[in-house]
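Please read the structure below before turning to the comments.
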Amino acid sequence: MVRDMTSHTQQEITDDLDALMEVLPEFLQQALRALNEEDELLEVVLDLGRLPEARFVDREVPLSDTEVNEEDIQYVASRIGRFGDDNRAGLERTLHRISAIRNREDKIVGLTCRVGRAVYGTIDTIRDIVESGNSVLLLGRPGVGKTTMLREVARVLAKKRRVVIVDTSNEIAGDGDIPHPAIGKARRMQVKTPNMQHAVMIEGVENHMPEVIIIDEIGTELEAAAARTIAERGVQLVATAHGNTLDNLMMNPTLADLIGGIQSVTLSDEEARRRRTRKSVLERKAPATFDMVVEIQDWERVAVRPDVAEAVDAILEGRFLPPELRYLDEEGKTHIEQMSFPEAEEEPARPPSREKVMRDHPLAIYPYGISQHRLQQVAIGLKVPIQIVDDVADAEAVLTLKNYYRKRPHNISEAERKGIPTYVLRSNTVTQMENCLADIFGVPLDADPLSAAAEETQRAIERILSGARSAELLPQNSYVRRYQHEMARQANLYSRSRGKEPRRRVRIFPKK
């Protein structure tokens, strides 16, 4: 189904590029003017001992045959504002951003001078959404225009409502105490240091009575909790977060709370049969903080999830709920397309999830911190085609452990940046791998007493590690008990069997 939105505005772009040019050394200014492509310029990069270069939308161009020296870097640094704790600075009353790279002695050895542009008319595709009063979360890859769209949202909503912007890096309203005109009548709260963003979010609601709070880059658990607090007070939230799609956000343990959080639930036998699923399933933990999610695909095309709670539930249940696609045509007219699928002639025994499709080639998996041999054995047992790859760039999926994911190593961050699905396992066990591969390929798992016992043992271990004094498991035969003792030993815990057959069971304790 396709429908048109006849109202549209012409996009207008302002960038005040001369202000940024003036802080650059004269030879770089001349080189940039000689290129005569200022409208396409994204940033100028200066790295000590390397050639300076200009980055455009589709290419990179060296600006000189002479390497950048310390005087060039100091020339720029002395003409801009003070660098904050996030190594970002700006030019007063402009949207340009200068980011620094420092060495171990805290000396600046590199600068990224990014052009900031105010683009009016960028929210035509979602204007009805942001004006509806619902809380909206914007997602998209770096550089796709999330902050630019957020700035325009602030300007449009401030015409009729009280809008407060929490501007952590002065990227929305520019550097200096006087905000850039691009935010209209919206008020701007600056943040002294990035790790205080969550506190300023709450302060804005408590002190300034906003109807709308706008936040750029929610990235920590404290900020996610603050966003939930704000939403519960009836204030509309419009924010951006790290992640390309709703699926990416669900796989991020830190930010999953924004869409309600995800928890593992054990169903009764009767309920599992009714649902045609395993006994252990994933469900949404709480109401979503945001009502809608907008996935920005490019400047003129977005995918809208009009009901976040319903979309999350559908993904967890293995159903595909198509998003609403919105795009601008060559005349600047907005079109809304609702994807639809013909009904199947026969209902499948198990509904496919977002990854559950028939494959004509093995799934390329990059395991990070995962036993490759064990993963291969699990795949053979499930009869699913996988291929272990050594480079994340060749992967179609990434498997890692929770403790590794929290540290955000380079390979995991690179996979998320490229939009590669990342699956986070609680532990390096066969059961966890079986559940993950079964979910990816849509393979039903038969009820296995050993798997069920392993799941129970893993939950008991997690309770002990969280501070519980002991945990007693269900009665099992001697073979299963040996397996449970081994799991406890690997977790560096103490365990012993108690009781008489057939009620003999394992009890787990912390080591003193």
- Of all DSSP beta bridges located in the chain, what percent are antiparallel, nearest 5? 60 percent
- Query: Stretched out fully, how many nm does the piece from Glu131 to Thr266 gain, at 0.36 nm a residue minus the Cα gap?
  - Reply: 44.6 nm
- Which GluC sites (Glu not before Pro) from region 73-164 combine a DSSP loop assignment with at most 12 other Cβ atoms within 10 Å? Glu105
- Message: Using the Kirkwood radius over C-alpha pairs as Rh, can you work out the diffusion coefficient of region 119-338 via Stokes-Einstein at 10 °C, viscosity 1.306 mPa s, in µm² per second?
- Response: 88 µm²/s
- Message: Projecting each Cα onto the charge dipole of the chain (Lys/Arg +1, Asp/Glu -1 at the beta carbon, about the Cα centre), which of Ser466, Tyr423, Leu282 comes out farthest on the positive side?
- Response: Ser466
- Message: Tell me which of Leu63, Ala364, Thr229 sits at the most positive position along the dipole axis of the chain, charges placed on C-beta atoms (Lys, Arg +1; Asp, Glu -1).
- Response: Thr229
- Note on the structure: Along principal axes, largest first, the alpha-carbon spread of region 233-341 in whole Å comes out as 57, 37, 24
- Query: If we restrict to alpha carbons, what Rg and Dmax does region 449-509 come to, in Å?
  - Reply: 10.4, 31
- Query: Rg(Cα) of region 53-178 divided by 2.2 N^0.38 Å?
  - Reply: 1.27
- Can you give the Kirkwood hydrodynamic radius of the chain from its Cα pairs, in Å with one decimal? 26.0 Å
- Using only Cα atoms, figure out Rg for region 363-441 and give it as a multiple of 2.2 N^0.38 Å. 0.99
- Message: Between Asp18 and His361, how high is the FRET efficiency from 1/(1 + (r/R0)^6) when r is the Cβ-Cβ distance and R₀ = 51 Å? Nearest 0.05.
- Response: 0.45
- Task: Evaluate the relative contact order of the chain (contact order divided by residue number), counting alpha-carbon pairs under 8 angstrom at least 6 apart; express in whole percent.
- Result: 10 percent
- Which distance in Å, rounded to a whole number, links the C-alpha centroids of region 365-405 and region 223-300? 25 Å
- Where the only charges are on Cβ atoms (+1 Lys, Arg; -1 Asp, Glu), what is the dipole of the chain about its Cα centre, to the nearest 20 debye? 3740 debye
- Sorting Gln74, Leu375, Gly140 by the position of each Cα along the dipole of the chain (Lys, Arg +1; Asp, Glu -1; all at Cβ), the one nearest the positive end of that ordering is Leu375
- Query: By DSSP, what percent of the beta bridges with both residues in region 12-116 are antiparallel, rounded to the nearest 5?
  - Reply: 95 percent
- Message: Please list, ordered by chain and number, the residues whose modelled amide H lies under 5 Å from the amide H of His96; skip anything fewer than 5 residues away on the same chain.
- Response: Leu91, Gly116
- Item | Lys, Arg +1 and Asp, Glu -1 on Cβ, resulting dipole of region 119-338 about Cα centre, debye, nearest 20 | 340 debye
- If we sort 229-239, 166-176 on the protection proxy, mean other Cβ atoms within 10 Å, highest first, what's the order? 166-176, 229-239
- Query: In angstroms, what radius of gyration and Dmax does region 12-116 have, counting Cα atoms only?
  - Reply: 13.1, 43
- May I ask you to sort Glu317, Glu43 by Cβ crowding, counting other Cβ atoms within 10 Å and putting the fewest first? Glu317, Glu43
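Values in this text are rule-based calculations from the coordinates and carry no lab data. Model, not experiment: these values are computed from the prediction. Cβ atoms come from the backbone with ideal geometry, glycine included; neighbour counts cover every protein chain shown.
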